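The values are calculated or read from the model by the stated rules, or taken from the named source; none is laboratory data. Treat the numbers as computed from the prediction; the structure is a model and nothing was measured. For neighbour counting, all protein chains shown are included, and Cβ atoms are generated from backbone atoms with ideal geometry for every residue, glycine included.
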Amino acid sequence: MKPFFALSRTTHGILDLATPAFCALLWLGGFPHWTIILLSIGTAFAGYTAIYALNDLVGVKVDREKFTGAKINPGYSVEASAMRYPLAQNILSYKSGLLWMISWSILAIIGSYLLNPVIVFIFIGAAILETIYCLLLKVTYLRTFVSGMVKASGPIAAIFVVDANPSPYLLFLLFAWLFFWEIGGQNVPADWNDTAEDRRVHAKTIPIRFGVEKAGIIVMITLALTVIASIFLPLISPANLGPLYILASLIVGYVFLLQPGFQLYKFKEGRHAAQLFDKASFYPVIQFALISVFLLVNMTLGA
């Protein structure tokens, strides 16, 4: 099963589960019924597993070009594996990978329908956007905006689990927070770390198009916007989170986003891009843990 999990970057996918979980708790201001929690976890896992596999399936030709005559990039600590890009390395057949992706997609669609039929369309939209993102690799660096929309899809879907008619204004606030986090903490650092491979295939990415100096500025701006947006996230929640929660959230943003982002901007080295990617991957996990603690405290005090 290792090649299949490598195809779906399962370690990273599991970390990603924290993002929709955080958003659902924030929006609801409490914990859903345990049956909803279990179904949501299964559906989210299936969705992330399918979408990550889709990425490699669509991009397999370019991935093989990247690594022709060169060693496979070992990746980041959150998804480091000698089996990265198993299709490109011929560790896994394309047919097997396709069946794997379709199977998880079916499970994701079934779970989405049971939670809220609207989520089915969000999942399909995310799959289409992910396909577009992969196909734009050699076309334009603006694909990073598509990446931001894809990464926001899962958390936005989680809102429709706990609220059938969410406020579009609050959804936009949440989307902006997710969008800037993905660009500054995930997409640009990932492209930065893969610059050598991307140059081989004439890819269009922000670090290649603008150079490391401007790419570093873009990273810092988007990360700063992420942290600023996090200040307003408590407006979304009916829970009484208060100034202490905002302060704790800002500290998390500094440690997991701004500090490693500044190190990348200062030194402009690939290893710092990988470090930022890793720390940014844990940012939603810590945010999820943080809001869980505050909600549990509120429940205890309320009782």
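The single condition from (1) within 22 Å of the chain's Cα centre (by Cα); (2) under 23 Å from Arg271 (Cα atoms) that Leu225 fails is (2). Listed by first and then second residue, the pairs with beta-carbon distance under 7 Å, at least 6 apart or on different chains, first residue in the range 51-68 and over 14 Å from Trp104 (Cα atoms), second β-branched (Val, Ile, Thr) and outside any helix (DSSP H, G or I), are Val62/Val201; Glu65/Val201; Lys66/Val201. Return a yes/no flag: does the range 20-34 have any residue that is within 17 Å of the chain's Cα centre (by Cα), surrounded by fewer than 22 Cβ atoms within 10 Å (Cβ to Cβ), assigned to a helix (DSSP H, G or I) and at pLDDT 95 or above. No: the range 20-34 contains no residue that is within 17 Å of the chain's Cα centre (by Cα), surrounded by fewer than 22 Cβ atoms within 10 Å (Cβ to Cβ), assigned to a helix (DSSP H, G or I) and at pLDDT 95 or above. Restricting to the range 35-56, give me the number of residues that are surrounded by fewer than 17 Cβ atoms within 10 Å (Cβ to Cβ), more than 18 Å from the chain's Cα centre (by Cα) and not β-branched (Val, Ile, Thr). Total satisfying the criteria: 1. Restricting attention to the range 112-126, and to residues there that are more than 20 Å from the chain's Cα centre (by Cα) and of a type outside the set (Phe, Trp, Tyr), which single residue is surrounded by the most Cβ atoms within 10 Å (Cβ to Cβ)? Here the residue is Leu115.
Could you grab me the full set of residues in the range 164-203 that are over 17 Å from Thr19 (Cβ atoms) and charged (D, E, K, R)? Result: Asp191, Asp194, Glu197, Asp198, Arg199, Arg200. Residues that are touching a residue at least 12 places away in the same chain (Cβ under 8 Å) and not in a helix (DSSP H, G or I) within the range 156-168 comprise Asp163, Ala164, Pro166, listed in sequence order.
Among the residues of the range 202-224, write down those that are hydrophobic (A, V, I, L, M, F, W, C), buried (at least 17 other Cβ atoms within 10 Å of the Cβ) and out of contact with any Gly (no Cβ under 8 Å at 6 or more places or on another chain). Selection gives Ala203, Ile206, Ile208, Val212, Ala215. In the set (1) assigned to a helix (DSSP H, G or I); (2) within 24 Å of Leu57 (Cα to Cα), Leu137 fails one condition alone, (1).
Looking at the range 1-17 only, could you name the residues that are in a helix (DSSP H, G or I) and over 10 Å from the mean Cα position of the chain (by Cα)? Lys2, Pro3, Phe4, Phe5, Ala6, Leu7, Thr10, Thr11, Ile14 - these are the residues of the range 1-17 that are in a helix (DSSP H, G or I) and over 10 Å from the mean Cα position of the chain (by Cα). Taking the range 140-149 as the range and being part of a helix (DSSP H, G or I) and surrounded by fewer than 21 Cβ atoms within 10 Å (Cβ to Cβ) as the test, the residues that pass are Phe145, Val146, Met149. Please tell me if Leu235 is of a type in the set (A, V, I, L, M, F, W, C) and exposed (fewer than 15 other Cβ atoms within 10 Å of the Cβ). Yes, satisfied.
Which of the following residues is of a type in the set (Val, Ile, Thr), more than 16 Å from the chain's Cα centre (by Cα) and outside any helix (DSSP H, G or I): Ile91, Ile132? Walk me through it before giving the result.
Details: Ile132 fails: outside any helix (DSSP H, G or I).
Of the residues listed, the single one that is of a type in the set (Val, Ile, Thr), more than 16 Å from the chain's Cα centre (by Cα) and outside any helix (DSSP H, G or I) is Ile91.
Against the condition closer than 23 Å to Val150 by Cα and under 16 Å from the mean Cα position of the chain (by Cα), how does Gly185 come out, does it pass? In short, yes.
So which of Ala157, Ala176 is touching a helix residue (DSSP H, G or I) at 6+ places or on another chain (Cβ under 7 Å), within 25 Å of Phe121 (Cα to Cα) and surrounded by fewer than 21 Cβ atoms within 10 Å (Cβ to Cβ)?
None of the other options fit; the residue is Ala176.
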